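S.K.: Encoded as structure tokens, here's the structure I'll be asking about.
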Amino acid sequence: MKTFYTSFLLLFLFVNPLIAQERPIEIEDEQNNNRLYLYAVNKNLQDFDVIINVTGTGFRQRAGKPRAVRVPARSRVEVSSLIIERGQEPKYKYTLEVSEELSRRAMIREAELIRIQPKWPLTVYKPALCTANCDSLISSLDQSPYLYTLTEIEAYPKVREQLSRLIVGGEERLAEIDTPIIMMGGKMYLTLTSYDEVMSTMQELE
């Protein structure tokens, strides 16, 4: 399977502002033999109906008025399929109509669930003595919609050295910590032990 990078093929983009998504719907494309598939990527925690209008050269597409396709929260869904003409390089442009008012007439297609970035990039540092507290939080984050970075401190001496400089009490204090060390929004937290506490604190950050 060959992937076309939208940045090279995309000549024009207009999104109809029917609603103000927190994160705009993105379009990705993939080529498989003589087909070029366009996918809508929804990185929000809300479902949308998406209509894509495609024009360009080097391909054919289904005639008729495009139909709305349901793109669930944090998912990737095929919204158009183009037939590449023999010996041609497809070049396309598109417009999107995105609506939060979900229609019963919208097409329901297979959706691929994706992980998304939270409000702030999240890093969890796991101290050597952090077992139950860390395991519980990590398990909850793994089951959440969000991407995060996990670093086991003992495996990275330079990280351990840097953290010891930031914590009051230095290396001695770091060696005693049995809770996860959370970094988000440019701040460090030593007392957040649950998923709910992390998410609540994140929402309060500006």
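S.K.: Can you tell which of 174, 163, 190 is in contact with a Pro (Cβ under 7 Å, 6 or more places away or on another chain) and either aliphatic (A, V, I, L, M) or more than 12 Å from residue 122 (Cβ to Cβ) (or both)?
M.R.: 174
S.K.: Confirm whether residue 164 is within 30 Å of residue 49 (Cβ to Cβ), surrounded by 14 or more Cβ atoms within 10 Å (Cβ to Cβ) and of a type in the set (S, T, N, Q).
M.R.: In short, no.
S.K.: Does segment 83-112 hold any residues that are touching a residue at least 40 places away in the same chain (Cβ under 8 Å), surrounded by 11 or more Cβ atoms within 10 Å (Cβ to Cβ) and in a loop (DSSP other than H, G, I, E, B), and which are they?
M.R.: 90, 100, 102, 103, 106, 109
S.K.: Looking only at segment 152-173, decide whether some residue is under 30 Å from residue 80 (Cβ atoms) and among the aliphatic types (A, V, I, L, M).
M.R.: So far as segment 152-173 goes, no, none of its residues is under 30 Å from residue 80 (Cβ atoms) and among the aliphatic types (A, V, I, L, M).
S.K.: Taking the criterion of being exposed (fewer than 13 other Cβ atoms within 10 Å of the Cβ), polar (S, T, N, Q), in contact with a Lys or Arg (Cβ under 9 Å, 6 or more places away or on another chain) and over 22 Å from residue 114 (Cβ atoms), would at least one residue in segment 57-68 satisfy it?
M.R.: yes
S.K.: Now, a different point. For segment 181-196: of the residues being hydroxyl-bearing (Ser, Thr, Tyr) and part of a loop (DSSP other than H, G, I, E, B), which is farthest from residue 140 (Cα to Cα)?
M.R.: Looking at the filtered set, the residue picked out is 191.
Every number here is computed from the coordinates shown, using simple stated rules; none is lab data. All figures in this text were calculated on a predicted structure; none of them were measured in a lab. All Cβ positions, even for glycine, are placed from backbone atoms using ideal geometry, and neighbour counts span all protein chains on display.
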